[in-house]
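The values are calculated or read from the model by the stated rules, or taken from the named source; none is laboratory data. Everything numeric here is computed off the predicted structure, so don't read it as measured data. All Cβ positions, even for glycine, are placed from backbone atoms using ideal geometry, and neighbour counts span all protein chains on display. Remember, those area values only see protein heavy atoms, side chains included, never the ligands or the DNA or RNA. Shrake-Rupley method; radii C 1.70, N 1.55, O 1.52, S 1.80 Å.
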Amino acid sequence: MPNLMPGTPGTKEAFAISKIKNDLTLRVPPKAISHYKISEQDHVILTTGHVGKSGFGMIKKDTALKSVFNKFVKEINNCKEILMPGDRAYVMLEIHNGVTHLNDDVLKAFCLSVGNRLIVVKSTTVTMSFTPVEIWENKLKKHGFYEAIENMKKLEEY
């Protein structure tokens, strides 16, 4: 998994870029699937970081049930049912062959659109983040991390 700025402590490790396809599918990069030990037919939980912010964190359901997300995850009964406690959105999805299927409500809840290119980053030990590439590019430019922007362009795209 490439580091966006090799040799610079604290910089993010990125798995790849995933694009939301016209058929509302999203492929989770194989290296991310392996790193977070997501197996075939697993359920994952998507959660927003903040209201109105584009993108989401993805957590394996079994892992989420053993974390601070437990009380919300236990309330989700059906796939694609969006739960909105407070200022966060939660939804459970299935993964088959590394692909998850979104719908219009999921896109709306996570402020996303078909065609969005999302950089998939190791966020925490339990969560990977999917954030639009443009958000990362703007954040990196603001801090003068041009090497990281160039390294993003080298990531595989799914």
Just a yes or no: is a residue in region 84-105 of a type in the set (A, V, I, L, M), more than 14 Å from ALA32 (Cα to Cα), in contact with a strand residue (DSSP E or B) (Cβ under 8 Å, 6 or more places away or on another chain) and open to solvent by 70 Å² or more (accessible area, probe 1.4 Å)? yes
Here is a list: ASN70, ASN78. Which entry is of a type in the set (S, T, N, Q) and open to solvent by 50 Å² or more (accessible area, probe 1.4 Å)? ASN78
Take residues that are modelled with pLDDT of 90 or more and tell me which of the helices (runs of 4 or more DSSP H) falling wholly in region 12-119 contain 1 or more. 30-35, 61-64, 104-109
Quick check: anything in region 56-79 touching a residue at least 40 places away in the same chain (Cβ under 8 Å) and in contact with a Cys (Cβ under 8 Å, 6 or more places away or on another chain)? no
Give the residue that is least open to solvent (accessible area, probe 1.4 Å), with candidates limited to residues of region 30-67 that are touching a His at 6+ places or on another chain (Cβ under 9 Å) and within 14 Å of GLY98 (Cα to Cα). LYS60
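Does region 121-140 contain at least one residue that is farther than 26 Å from HIS35 by Cα and either more than 14 Å from the chain's Cα centre (by Cα) or open to solvent by 20 Å² or more (accessible area, probe 1.4 Å) (or both)?
Looking for residues that are farther than 26 Å from HIS35 by Cα and either more than 14 Å from the chain's Cα centre (by Cα) or open to solvent by 20 Å² or more (accessible area, probe 1.4 Å) (or both), one finds at least one in region 121-140, hence yes.
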